[in-house]
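Student: My structure is below; once you've seen it, I'll send some questions.
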Amino acid sequence: PRTRNPTLSCFPPCPMANPTENLDPNPPTREPEDELEEPSGDKRELEEEEEDEEDTVSNAYRTKTESLFRRMRSAPVPVRVHDVIVKGNSKTKDHIIEAEVEAVIREANTLQELLEASRVANSNLRALDIFDSVNITLDSGPPELPGTTNVVIEVVESKHPLTGQIGAYTRAEAKSSSVEASLKYKNFFGYGDIWDGSMVYGLDSSAEVGLGMYLPRLKGLPTPFSSRLYLSTQDWLKFSSYKERSLGLSLGLLSSKYHELVYTVAWRSLIDPSRLASESIRRQLGHSLLSALKYTFKYDQRDSYLRPTSGYAFSSTSQIGGLAPDSRSLRFFKQEIDLRCAVPLGFYRAALNFGVSGGVSFPWGSGYRNRASSVPERFFLGGNSSPVCSLSGPSALWGFSTRGLGPNEARRKGDVERDFVGGDAAVTAFADLSFDLPVRWLRERGVHGHVFACAGNTAKLTENEFRNFSAPKFMETFRTSVGAGIVLPVSLFRMEINYCHIVKKQEHDRAKSGFFLTFSA
């Protein structure tokens, strides 16, 4: 019987054949008869002959299958794909399905390669997120073309193309909460297209509304295309005395396993309703145009995102702004690098994770040395989200509040608080030793312990401040913290209950020792 789970089955001459593939899952039942007739001698002989024929066919099939298995174990079995047949797609265009399959299927020259290519093709089709189930069958080719096979793809399109989600989220380190809702419609035009709308409202007056579209293929492009129109408001009054409002459009031009290229154009506005902002923040208030191209290369070979025990990961993000011929266009260059490595220790599933993140941002154009960089493009450190999970540049630092360290300035007279204005260069590093707990019930559910240490710093380089920068001074002012805790990983996020001890901080830093409950996506 067919199932809703994606499967990969074969007919002869493939060894993965299912002898019951063509059997009716609900065979007809025989109605009881009033009188049973005694079969005659001729009928008995006919039934015995039919049973002998079935046994002969079954034995021949079993012999052929075992022979093919032996051939596959000893040497490659040559085979050529004759045709790709698509079934079950009443709405989805054939070329959308074939585009996900042809590239990998046609390159297979042996049965072993074809089985692996079919597995990859099955995964590609499921990743489109428009089918309830996918079944790929390898059938024998035409009799006049020996050594060929037909690839039969049977799909069941989603019965419920409209889906929605709603949830409430809390960021303890930022002391903020938000309600998020989204609505998604799949395969509206039959091109594998996905349309979605989302809304986020934060209790700190931050909000975002967005409309997005995703196409797996566009005009023969080898990679998916996506676009998103958004209107957002971010409230940084508590940390930096400004609110940021943006109306923009982002276009995903390239998206593959390792590469991503995104162009963003947005009209941005910085305001200060409190009228208490520091001098450097006040100079940046007003309107500006963001026209930027961002390229990301990511290579992640770790065995897990939530609890890596072996492997390594590298990420590089380059962004250049100022691509629009407008005087209000923000001209800047930003580079971020992340390196992660996990080393297994061989006992209690213990592993040592360590990582380094760094970034630099500076303006370009005439007089760039005397100009200040844009505040939203600077680096702000702090927050208790785990750096083990993220590959998003220097940001998190256990024990320090969000935007709780780095260059800062006094606000206007009458306010004792200070504005954290961010840095043009930042570096963070961490080491995390994870291990299983001695309680079996906890081990079976992935709950484990860890001890950690982290350090980081940020500095200002623009407006000729690079002349005052020195590596020894930068190292002397590093902030550091250590701690231990329990990690509770679930399918969507990593929850930690940690005790952090601040080893070193600077004047005006917002940091304290104590217990913290954190969530990391």
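The values are calculated or read from the model by the stated rules, or taken from the named source; none is laboratory data. Owing to the predicted nature of the structure, the values given are computational and were not obtained by experimental measurement. For neighbour counting, all protein chains shown are included, and Cβ atoms are generated from backbone atoms with ideal geometry for every residue, glycine included. Ligands, DNA and RNA are stripped out before the accessible areas are found, and what is left, the full protein with its side chains, is counted by its heavy atoms. Shrake-Rupley method; radii C 1.70, N 1.55, O 1.52, S 1.80 Å.
Student: Against the definition (in a strand (DSSP E or B), in contact (Cβ under 8 Å) with a residue 40 or more places away in the chain and among the polar types (S, T, N, Q)), how does S291 come out, yes or no? Even if it seems obvious, please write down each step before you answer.
Tutor: On the way: in a strand (DSSP E or B): yes; in contact (Cβ under 8 Å) with a residue 40 or more places away in the chain: no; among the polar types (S, T, N, Q): yes.
The answer is no for S291.
Student: In addition: Among the residues of segment 367-377, is any under 19 Å from R494 (Cβ atoms), in contact (Cβ under 8 Å) with a residue 60 or more places away in the chain and either more than 23 Å from the chain's Cα centre (by Cα) or open to solvent by 10 Å² or more (accessible area, probe 1.4 Å) (or both)? Steps first, please.
Tutor: Within segment 367-377, the subset under 19 Å from R494 (Cβ atoms) is none.
Looking through segment 367-377, none of the residues is under 19 Å from R494 (Cβ atoms), in contact (Cβ under 8 Å) with a residue 60 or more places away in the chain and either more than 23 Å from the chain's Cα centre (by Cα) or open to solvent by 10 Å² or more (accessible area, probe 1.4 Å) (or both).
Student: State all residues of segment 342-366 that are open to solvent by less than 10 Å² (accessible area, probe 1.4 Å) and more than 28 Å from the chain's Cα centre (by Cα); if no residue qualifies, say none.
Tutor: P363
Student: Yes or no: S390 assigned to a loop (DSSP other than H, G, I, E, B), without any contact (Cβ under 8 Å) to a residue 40 or more places away in the chain and under 12 Å from S357 (Cβ atoms)? Steps first, please.
Tutor: On the way: assigned to a loop (DSSP other than H, G, I, E, B): yes; without any contact (Cβ under 8 Å) to a residue 40 or more places away in the chain: no; under 12 Å from S357 (Cβ atoms): yes.
So S390 does not fit the description; no.
Student: Next question, about the same structure. If I filter segment 390-414 down to residues being charged (D, E, K, R) and open to solvent by 40 Å² or more (accessible area, probe 1.4 Å), which single residue comes out as nearest to F519 (Cα to Cα)?
Tutor: E409
Student: Does segment 276-286 include one or more residues that are in a strand (DSSP E or B) and surrounded by 15 or more Cβ atoms within 10 Å (Cβ to Cβ)?
Tutor: Within segment 276-286 (the criterion being in a strand (DSSP E or B) and surrounded by 15 or more Cβ atoms within 10 Å (Cβ to Cβ)), the answer is no, since none of the residues qualifies.
Student: Oh, and also: Which condition breaks for D132 when tested against (1) of a type in the set (D, E); (2) modelled with pLDDT of 90 or more; (3) out of contact with any Ser or Thr (no Cβ under 6 Å at 6 or more places or on another chain)?
Tutor: It fails just one condition, (3).
Student: A follow-up question, please. Can you tell me which of A181, A127 is out of contact with any Cys (no Cβ under 7 Å at 6 or more places or on another chain), of a type in the set (A, V, I, L, M, F, W, C) and under 26 Å from T110 (Cα atoms)?
Tutor: Selected residue: A127, the only one of A181, A127 that is out of contact with any Cys (no Cβ under 7 Å at 6 or more places or on another chain), of a type in the set (A, V, I, L, M, F, W, C) and under 26 Å from T110 (Cα atoms).
Student: Restricting to segment 105-119, count the residues that are open to solvent by 40 Å² or more (accessible area, probe 1.4 Å) and either over 14 Å from V77 (Cβ atoms) or not in a helix (DSSP H, G or I) (or both).
Tutor: 4
Student: Residue check: is L254 of a type outside the set (D, E), surrounded by fewer than 17 Cβ atoms within 10 Å (Cβ to Cβ) and without any contact (Cβ under 8 Å) to a residue 60 or more places away in the chain?
Tutor: yes
Student: Say we look at segment 220-249 and pick out the residues that are of a type in the set (A, V, I, L, M, F, W, C) and in a loop (DSSP other than H, G, I, E, B); which of these is nearest to I97 (Cα to Cα)? Break it down stepwise before answering.
Tutor: Residues of segment 220-249 of a type in the set (A, V, I, L, M, F, W, C): 221, 225, 229, 231, 236-237, 239, 247, 249.
Retained after the next criterion (residues that are in a loop (DSSP other than H, G, I, E, B)): 221, 236.
Details: L221: 15, W236: 46 Å.
Selected residue: L221.
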